[in-house]
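Where a number appears in this text, it was derived from the coordinates with a stated rule and is not lab data. All values reported here derive from a predicted model rather than from experimental measurement. Cβ atoms come from the backbone with ideal geometry, glycine included; neighbour counts cover every protein chain shown.
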Amino acid sequence: MNNRVRNENESASRADTSSPSRRDVLLRLALFPAAAAFGLACKSGPDCTDTSALTGPEITQRQSLGYVDKAADATKACKLCSLYQAKGPEECGGCTLMKGPISPEGGCTSFAPKT
């Protein structure tokens, strides 16, 4: 009889660790929207990395100007450049030297400070 009780206890403990309880699943599902909203709220600035609409020569132009989405020197960020064309808060801007989305925090080798 002791073997039977031991086998039932072992089976029950294996079942507990192999799959989450219904309560755990419901709790996780309830927390998911809150976690997703927190992730969106913590996002810093727009995503200006989509260059899929650009042609090969336009991408080459960006590369030749050394454009990066995050300037190594924050004092030379695109938002501080006279060539940057701002569109609005939390939006990608443009540039007079290259096509495509430009991050306000981006930078390139042709920085020209605003006067």
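For the range 47-115, the equivalent ellipsoid derived from the Cα gyration tensor has semi-axes of 18, 13, 11 Å, listed largest first. For CYS95, the residues whose modelled amide H falls within less than 5 Å of its own, excluding neighbours fewer than 5 places apart on the same chain, are GLN85. FRET efficiency for the THR109 to LYS87 pair, using the beta carbon distance and R₀ = 35 Å, is estimated at 0.95.
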